[in-house]
1. Pop out the ³J(HN,Hα) list for the range 13-23 in order, Karplus 6.51 cos²θ - 1.76 cosθ + 1.60 with θ = phi - 60°, rounded to Hz; leave Gly and Pro as x.
2. Along the range 33-44, what does the Karplus equation 6.51 cos²θ - 1.76 cosθ + 1.60 (θ = phi - 60°) give for ³J(HN,Hα), rounded to whole Hz, x for Gly and Pro?
3. Quick check on the chain: helices-only [θ] at 222 nm, where DSSP H runs of length 4 and up contribute -39,500 (n - 2.57) each and the sum goes over total residues. Nearest 500, please.
4. Taking Cα extents along the principal axes in Å as the quantity of interest, determine which of (1) 34, 18, 17; (2) 46, 27, 11; (3) 33, 19, 12 was computed from the displayed structure.
5. Which is the longest run of the chain containing none of the chymotrypsin sites (Phe, Trp or Tyr not before Pro) found in DSSP loop states (not H, G, I, E, B) with at most 13 other C-beta atoms within 10 Å?
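All of the numbers you see were taken from the coordinates with simple rules; none came from a lab. Worth saying up front: this structure is predicted, and the values here are computed from it rather than measured. Reconstructed Cβ throughout: ideal geometry from the backbone, glycine too, with neighbour counts over all protein chains shown.
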Amino acid sequence: KGIFTSFTGRMTATGFDLTSLADALEFKAYHEGLHLGMMMSIRKLI
């Protein structure tokens, strides 16, 4: 279908250089892990 045939790279605010779709997907998993870790910490606090 031609979906995701091009990717415009960018630098994240935290300094990760995303130059490909594979980099972006890897960063997404890392980023979601940060959210999960924060939620687990808040749950322990409560």
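1. 5, 8, x, 7, 8, 9, 9, 8, 4, 4, 4
2. Once rounded to whole Hz, the list reads x, 4, 4, 4, x, 5, 5, 5, 5, 5, 4, 5.
3. Numbers: 1 runs with 25 residues, N = 46.
Rounded to the nearest 500, it is -19500 deg cm²/dmol.
4. (2)
5. On the way: sites that count: 4, 7.
Between the exposed loop sites, the longest stretch runs 8-46.
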